[in-house]
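Let me begin by presenting the structure, written as structure tokens, before commenting on it.
We did not get these values from a lab; they are worked out from the coordinates using the rules stated. Because the structure is predicted, anything quoted here is derived from the model rather than measured. Note: ideal-geometry Cβ built from the backbone for every residue, glycine included; neighbour counts use all protein chains shown.
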Amino acid sequence: MELNDLQKIRLEKIERLRQQGVDPYPTRTEVSHSIAEALALFIEFEKTKTESSPTPLACVGGRIRSKRPMGKLAFSHIEDGSGRIQLMLRVNELGQEKVDLFNDLLDLGDFIQASGDLMRSRTGEVTLLVKDYKLLSKALTPLPAAKDEEVDGQVVRHASLTDPETRFRERYADLAVNPEIREIFQTRGKVVRALREFLDSRGFLEVETPILQPLYGGAAAKPFTTHHNQLKQDLYLRISFELYLKRLLVGGLDRVYEIGRDFRNEGVSFKHNPEFTQLEFYMAYADYLKIMEITEQMITFVCDQLLGKRQVVFNGQEISFEIPWKRLELHQAILDKTKIDITQFPEEKGLFDAMQKAGLNPKEGTPRGKLIDTIIGDLIEPNLIQPTFLYNYPRDISPLAKNIPGNAGMVERFEGFVGGIELCNAFTELNDPLEQEKRFLEMGRDYKSEDEERHPMDEDYLKAMAYGMPPNGGFGMGVDRLTMLLTNKHSIREVILFPHLRKEEEEK
């Protein structure tokens, strides 16, 4: 490691500690309470104490966040994942040598454990009167925070780590100095737990399906490709769980779900990352109308559990998740926005001409389904702020969905939009193996080999369907996007711990 001047100073302190017989990275700790537990212990003591009640003792560990040497006395704050507490270090309890060692050789960012009596300081703050302390880990690099300052009895943190690129590249430092960032990921964890609780309580079984797949499918996306040396086999990182989860319906598991990572070799944006967390569930004997109801119930359940309310602010706009959500048929939404009735243009050429006439500048040679998808993404999606189900989609871009009865060109599919972004996608799933084979062939014929919309033929999936698949409804949702909405973050990078970034040299 090439050390800068500050790191060299800390390295010298490490050597001085070792010379004094202090291990800067000891193997054992004696921590007995988290800081939150210690604070709760003292507050409970205050409620029930009598004259004979012994003073509560605790041994806590954490990172040093502030130091205030005052001669024979020193104050400090340490912080762990549960909270922060003030330490009081006095010569009377520790001796001058240990107080001096704390003041001279320990730095902000170091981890220590401290044991002693819990009390209140003269300012009323719950404090640990330290009887002994131990260095647990010496920080070689100072955290990118200027200092913690006490203002009117409150500790104010002046953090210098605000540049987004640096924050995402050094998420460990971002989490260490910005408590509000830790709160985002605590919320994300609660979102996942609430989703599981909702589905588990309704008889769904959580399962795991392959990440490495011999054939990708279940979505319109370009996969990442890898190679298995022993098997001499090209494999793909999954772009969706769908085809494997629906195989389980064939096997008699009527309600299944998975929460896990998908991987798509596509561009990045404020709502796209090459790897992301997806929830998918499939429910036998349900259609897309039933799935709409379950979606509303599930999202409101998450809001109730996390927030205690169903209203959030996202991107400066108040959004209400109260049931029912708005329902808007796709062809009507496009007609209202563009004056183009897509039902009148069953062929690519007619729709292309209509879009040109409307000034939409479509790309020549684009299949009809993708033209419609472009209209949705460019003109419809950004305006759907309140929760809205856009439903009944063209078959061209929905090869795994069942036709609307009596309408061969449209399928029972909906997408849910909130805050101007797509949140979820659902179908009444196709369960006719012959029709599914026909759809695969159509996708292979109508799209170029490098086109993301081209869906490969999955013969094993067809084989599974041929054994008989119950009618079912399927659902997929980006957990990252739901977290964005619930935490009022406008970039997916803010809610993924380690988002994918360009190489640092390229960024510079």
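Loop-located GluC sites (Glu not before Pro) across the range 289-354 with a Cβ neighbour count of 15 or fewer within 10 Å are 322, 347, with loop assigned by DSSP. Other residues with beta-carbon under 13 Å from the beta-carbon of residue 1 carry, at +1 per Lys or Arg and -1 per Asp or Glu, a net charge of +1. Taking loop as defined by DSSP and a crowding limit of 10 other beta carbons within 10 Å, which trypsin sites (Lys or Arg not before Pro) in the range 12-101 fit? Here the trypsin sites (Lys or Arg not before Pro) that fit, given the DSSP loop and packing criteria, are 28. The trypsin sites (Lys or Arg not before Pro) of the range 283-369 meeting both criteria, a DSSP state outside H, G, I, E and B (loop) and at most 12 other C-beta atoms within 10 angstrom of the site's C-beta, are 309, 339, 363. Available extension along the chain between residue 347 and residue 68 is 92.9 nm, counting 0.36 nm per residue and deducting the alpha carbon span. With the convex hull drawn over the C-alpha atoms of the range 5-160, the volume per residue is 124 Å³. Listed by Cβ neighbour count within 10 Å, with the fewest neighbours leading, 119, 70, 88, 477 appear as 70, 119, 88, 477. Using a 10 Å Cβ count of at most 16 others and DSSP loop calls, identify the longest part of the chain lacking such chymotrypsin sites (Phe, Trp or Tyr not before Pro). Answer - 1-223. In the chain, the longest principal axis of the Cα atoms and the axis of helix 96-105 are about 40 degrees apart. Using only Cα atoms, locate the centre of the range 405-443 and the centre of the range 124-144, then give the distance between them in Å, rounded to an integer. For the range 405-443 versus the range 124-144, the Cα centre distance is 58 Å.
A Cβ-based charge dipole, computed about the Cα centre of the range 320-415 with Lys and Arg at +1 and Asp and Glu at -1, lands at about 80 debye. Among 494, 208, 280, a tally of other beta-carbon atoms within 10 Å of each Cβ gives an order, fewest to most, of 208, 494, 280. Placing a pseudo-label 7 Å from each Cα along the Cα-to-Cβ vector at residue 162 and residue 1 gives an inter-label distance of 2.8 nm. For the set 67/138; 370/463; 47/309; 290/370; 339/370; 8/72, the pairs lying more than 21 angstrom apart at their alpha carbons are 370/463; 47/309; 290/370; 8/72.
Overall dimensions of the range 154-225, expressed as equivalent-ellipsoid semi-axes from the Cα gyration tensor (√(5λ), whole Å, largest first), are 35, 22, 8.
Net charge around residue 211, counting only other residues with Cβ within less than 11 Å of its Cβ (Lys, Arg = +1; Asp, Glu = -1)? Overall, the nearby charge balance is -2.
Relative contact order for the range 17-100 using alpha-carbon pairs under 8 Å, separation at least 6, rounded to a whole percent?
Computed over the range 17-100, the figure is 23 percent.
From the alpha carbon centroid of the range 328-352 to that of the range 261-280 is 29 Å.
If I take every Cα pair under 8 Å that is 6 or more residues apart in the range 5-160, average their sequence separation and divide by the length, what percent do I get for the relative contact order? Could the numbers behind the result be given before it?
Details: 284 pairs, mean separation 37.2, N = 156.
It comes to 24 percent, rounded to a whole number.
Find the percent of Cα-Cα distances in the chain that exceed 41 Å, and round it to a whole number.
Working: 49457 of 128778 pairs.
It works out to 38 percent of all Cα pairs.
Remark: relative contact order (the chain) = 12 percent; criterion is Cα-Cα distance under 8 angstrom and separation of 6 or more residues.
Within a 10 angstrom radius of the beta carbon, how do 76, 34 rank from fewest other beta carbons to most? Please list the in-between numbers first.
Numbers: 76 25, 34 18.
In order of increasing Cβ crowding within 10 Å: 34, 76.
Cross-link reach is defined here as a Cα-Cα straight distance under 14 Å, omitting same-chain residues fewer than 8 places apart; for residue 438 the aspartates and glutamates meeting it are 396, 446, 458, 459.
Once you list every other residue whose beta carbon is under 12 Å from the beta carbon of residue 37, what net charge do they have if Lys and Arg are +1 and Asp and Glu are -1? Display every interim value, and only then the final one.
Working: positive: none; negative: 44, 80.
Counting the neighbours of residue 37, the net charge comes to -2.
Using 0.36 nm per residue and subtracting the Cα-Cα separation, the extra length available between residue 503 and residue 122 on full extension is 132.0 nm.
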